[in-house]
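Colleague: Take a look at the following structure, please.
The values are calculated or read from the model by the stated rules, or taken from the named source; none is laboratory data. In this text the structure is predicted, and so the values were computed from the model without any measurement. When we count neighbours, we look across all protein chains shown, and the Cβ atoms used for this are built from the backbone with ideal geometry, even at glycine. Each accessible area value is taken on the protein alone, full model and side chains, heavy atoms only, with ligands, DNA and RNA left out. Shrake-Rupley method; radii C 1.70, N 1.55, O 1.52, S 1.80 Å.
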Amino acid sequence: MPGANTSTWITGIEERRQKLSEIVERTRPVTLAGERVLPVLPSLRTLFPDGGLLRGSTVAVDGGCGATSLALAVTAAASRAGSWVAVVGLSDLGLAAVGELGVDLHRIAVITPIRSSWATVVAALIDAFDLVVVAPSHAVRATQARRLAARARERGTVLLNVPGRLQDRARRWPEEVDLRLTVSAVAWEGLARGYGHLRTRRLTVQATGRRKASRPRRADLWLVDADEGVISMEPPREQESSRDPEVAPLRRVG
Amino acid sequence: MSVAQVRTLVVWCPDWPLTSSGIPDGVPAAVVLANRVIACSPAARERGVTRGLRRREAQGRCPEVEVIERDTAREARAFESVAAALEAFTPRVEMIRPGLCSFPTLGPSRCFGGDESLAQQVREMVDEVTGGVPGCRIGLADGPFAARLAARRCRDSQPYVVARGTSPAFLAPLPVTSLDAPALTDVLLRLGVGTLGAFAALGAADVAARFGTEGLGLHRLAAGRDERPSDTRVPPPDLEVSTGLDPPADRVDQVGFVAKALADRFNDELGRRGLACSRVLIVAETESGERMERLWRHEGSLGATAIAQRVRWQLEGWLTGGATPTGGIVRLLLVPDEVLPAAGRQLGFWGGHSEEGEGPRRALARVQGLLGPDSVRVPRRRGGRSPGEQVVLVPLDSVDLASPPPAGDSDQPWPGRLPSPSPVVIHPEPVPCEVLSRDGEPVGVSGRGLLTATPARVSIAGGRWLEVMAWAGPWTTDERWWDPVAHRRRARFQVLTSDDAGRLLSLEGRRWWEEAVYD
């Protein structure tokens, strides 16, 4: 009997140790000299030469449909680790989807800018936020972009540029960015001709950039796995896809 | 009793958030902060609206209630006229917050014919300034704490004056909850200590042993003494800080940023000497030499954010009030009027008060100053069927970022809710579109929820035709059928178009709309 107790006691210790190590991870100073990196989801790490978002860098996400989701997924892990995210523009963002991508909704603010004070607003946000997502609806001047990038570098903020609406996709950040993620292919799963529903999609993402990132990288991602709420490299589980598609039945509601 | 308490007069306008909004008498109205009622008019109270109710509940109990968002700037602005009027009695008006201020009556009461007469005259003056707002209460007693409780006891607008030296007797029968320290009073009540008198009767050493310095301070208050013994009061050293503004500032938010930096410096300076400030004199000077000063008092100690907020309040009243200054503000000065040893404040490790998010909060306040209050929004979970209803963006001002939001109805099952993943782009206004079958016929849905034809091509907002690669639907909803105005009957479709974009379309009243895009 005492032996059995000891073994449960030991597993209890193991569990607690596990929890403690998680807390240690969380409470460690965020900016040690060597690792000025904001975390990204494990499945995205292959795209980042530093294994995460390098503080003070500028990142652009572009490509076709799926770019906005990818950009928000990039912020997810950092947001859950305690970083605040500011989104400038994108006033039609569906926040339910943002939550599903794994972003902590208590640490995100959406700002609707006006064009004349756009740069001032972004600069003010760079001073205080760890991640600033900008989706300018106008062409940003190169000098402005350079100044903002310099400010972000100084403050250790990641400036993430995403294209706005689908029709604005041709517009690019006027300056060369440290890392550019491009969605090159999208394939949706779950929707058929007349039944099913959009369940998940496979994105092929290419990463190019300057310095360390100059060697192109590529990753195939599943966005979003309905159960995990985050991206996974594995396709969704078998029984998931074989299950009868959920069709919302007609009913009188309220 | 070593030192006699300072006779203090307290002017308290209950429901000031409401009074300052200028709602006429007799109209049911409620002021809400972060979706909770914080003040309501007598008319609303009669119909069952109370403090702490949620906005919806308040509207449910009294549908005609007028709901106003809290605006501390407006309150400060309106209270400035009261404070200015009180300056006719004494130069030492201490502001505690908009709606509540006090002043020591030693000099004024001699000049205005005794305590009773002074209180009466103050009441008449306040009535005149506020236009006879019902419920302005005046209390006069030994010490600010007793005076505040006296003001609370005042009925029918008659000032409540506690005779000199009788404050302990006045306080004794009052409930211990008047101390406004829930953590302590909760314990006291469970210990069977129900009144301030019973609490005061406990030995000071015992109270200190059980409840620490904080408890000791409250014990002194309950006994009708000053919160801090007079001999521990530190004479304020020359610690005033000032800053020049160049160019002169003529907007409150401009001064607000400067004030925050100045208050930080002020507090650092005090903190280095182990002091905290409980009363501060804020002085603003304009380029044409006008000067505006006010004394602000706080029960605890004033933090940098609190001081900056008080600067804002003071200037709101001045810059937008009746006697506006002729020039911009060129100098701002903070003078510590009363300091005390800093007891220190431990920031929460898990939960509680912490500095987390303080920086972003400040930056957002700055952005609000640039773009207006509604330009900054934060998400809050609500329940709903449409993707846009599940999480909504609410203005930053309507939520309290520091406290966790109450759990909404988001966990409840919402039958007919769209399956996840949710669309990333939701159009604020649905975009009209057209859906045609292979034969070029418009696609519709019958009354039984059946499609008239298979959708084959889609054109969004008159754009080019996109081929439908896959689709599902119609998912019909019939929402709020009991309400002729809000009733919506529509059929939703998910469509995958040839540009690889998933789209959420809906058919309502024979017209097609694009509601959202799975970007």
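Colleague: At a Förster distance of 45 Å, what's the computed FRET efficiency of B:L450 paired with B:W482, Cβ-Cβ distance as r, to 0.05?
Modeller: My answer for the efficiency is 0.95.
Colleague: If you average 1/r across every pair of different Cα atoms in the protein assembly as shown and take the reciprocal, what Kirkwood value do you get, in Å?
Modeller: Evaluated over the protein assembly as shown, this radius sits at 30.3 Å.
Colleague: Order these peptides, B:444-452, B:505-513, by their mean beta-carbon neighbour count within 10 angstrom, highest first.
Modeller: In decreasing order of mean packing, B:444-452, B:505-513 become B:505-513, B:444-452.
Colleague: Still on this structure, please answer the following. Efficiency by 1/(1 + (r/R0)^6): what FRET value for A:R215 and B:T305, r their Cβ-Cβ distance, R0 = 51 Å, to the nearest 0.05?
Modeller: 0.60
Colleague: Please compute the per residue accessible area over the range B:425-518 with all protein chains in place, 1.4 Å probe, rounded to a whole number of Å².
Modeller: Ligands and nucleic acids excluded, the figure is 51 Å² per residue.
Colleague: Expressed in nm to one decimal, what extension gain is obtained for the pair B:T324 and B:R251 from 0.36 nm per residue of sequence separation less their Cα-Cα distance? Provide the component values of the computation, followed by the final result.
Modeller: Values: separation 73, 0.36 × 73 = 26.28 nm, distance 1.21 nm.
Additional length available on full extension: 25.1 nm.
Colleague: On the principal axes of its Cα set, how long, how wide and how thick is chain B? Give whole Å, largest value first.
Modeller: For chain B, the Cα spread along each principal axis is 98, 57, 48 Å.
Colleague: Rounded to a whole number, what % of the accessible area of the range B:241-341 do carbon and sulfur atoms account for, probe 1.4 Å?
Modeller: Looking at the range B:241-341 in its full context, I get 48 percent from C and S.
Colleague: While we're looking at this one, here's another question. Tell me, what % of the accessible area of the range A:33-242 is carbon and sulfur with a 1.4 angstrom probe?
Modeller: Details: 3850 of 8250 Å².
That share works out to 47 percent.
Colleague: Follow-up. What part of the accessible area of the range B:412-474, given as a whole %, is carbon or sulfur when the probe is 1.4 angstrom? Each step should come with its number before you reach the end.
Modeller: Numbers: 1740 of 3360 Å².
About 52 percent, which is the carbon plus sulfur part of the accessible surface.
Colleague: In addition: Pop a pseudo-label 7 angstrom from the Cα along the beta-carbon direction at both B:Q158 and A:A142 and give the gap in nm to one decimal.
Modeller: 8.2 nm
Colleague: Could I ask something else about it? Report the paramagnetic label zone for B:E434: residues of the range B:441-485 whose backbone N is under 13 Å from a point 7 Å from Cα along the Cα-to-Cβ axis.
Modeller: B:441-443, B:457-466
Colleague: Let me ask something else. Can you give the extra length, in nm with one decimal, that the chain gains between B:L191 and B:E214 once fully stretched, where that is 0.36 nm per residue apart less the Cα-Cα distance?
Modeller: Roughly 6.5 nm would be gained on extension.
Colleague: Just the accessible area per residue of the range B:29-70, please: how many Å² with a 1.4 Å probe?
Modeller: Per-residue accessible area for the range B:29-70 comes out at 55 Å².
Colleague: Given the protein assembly as shown, what percent of its DSSP beta bridges are antiparallel, to the nearest 5?
Modeller: Working: 110 of 142 bridges.
Roughly 75 percent of the DSSP beta bridges within the protein assembly as shown come out antiparallel.
Colleague: What is the interface area between chains B and A, defined as buried accessible area summed over both chains with a 1.4 Å probe, reported in Å² to the nearest 100? List each step's numbers first, then the result.
Modeller: Values: alone 27300 and 14810 Å², together 37140 Å².
Interface between B and A: roughly 5000 Å².
Colleague: For the protein assembly as shown, what does -39500 (n - 2.57) per DSSP helix run (n ≥ 4), summed and divided by total residues, give at 222 nm, in deg cm²/dmol to the nearest 500?
Modeller: The per-residue figure over the protein assembly as shown is -9000 deg cm²/dmol.
Colleague: Based only on Cα atoms, what mean projected area does the convex hull of the range B:123-167 have, in nm²? Each step should come with its number before you reach the end.
Modeller: On the way: hull surface 12.2 nm².
The number I arrive at for the range B:123-167 is 3.1 nm².
Colleague: Once you have all Cα-Cα distances for the range B:241-341, histogram them in 10 Å bins from zero and send the whole-percent values.
Modeller: Calculated over all Cα pairs of the range B:241-341, the distribution is 17, 52, 25, 6, 0 percent.
Colleague: Need the per-residue list for the range A:49-72: every residue with at least 40 Å² less accessible surface in the complex of protein chains than in the chain by itself, probe 1.4 Å, sorted by number.
Modeller: A:C65
Colleague: Compute the distance in nm between two label points, each set 7 Å from the Cα along the Cα-to-Cβ direction, one at B:V283 and one at B:R47.
Modeller: 5.0 nm
Colleague: Moving to a separate point now. Do any residues of the range A:192-222 lose at least 50 Å² of accessible area when the full set of protein chains is present rather than just their chain alone, and if so which, with a 1.4 Å probe?
Modeller: Residues losing area: A:R193, A:G194, A:H197, A:L198.
Colleague: Follow-up question, since we're still on this one. Report the calculated FRET efficiency for B:A198 and B:R273 (r = Cβ-Cβ distance, R0 = 35 Å), to the nearest 0.05.
Modeller: So the FRET efficiency works out to roughly 0.35.
Colleague: Another question about this same structure. Treating only the Cβ of Lys, Arg, Asp and Glu as charged (+1, +1, -1, -1), what charge dipole size does the protein assembly as shown show about its Cα centre? Round to the nearest 20 debye.
Modeller: The calculated dipole for the protein assembly as shown is roughly 1140 debye.
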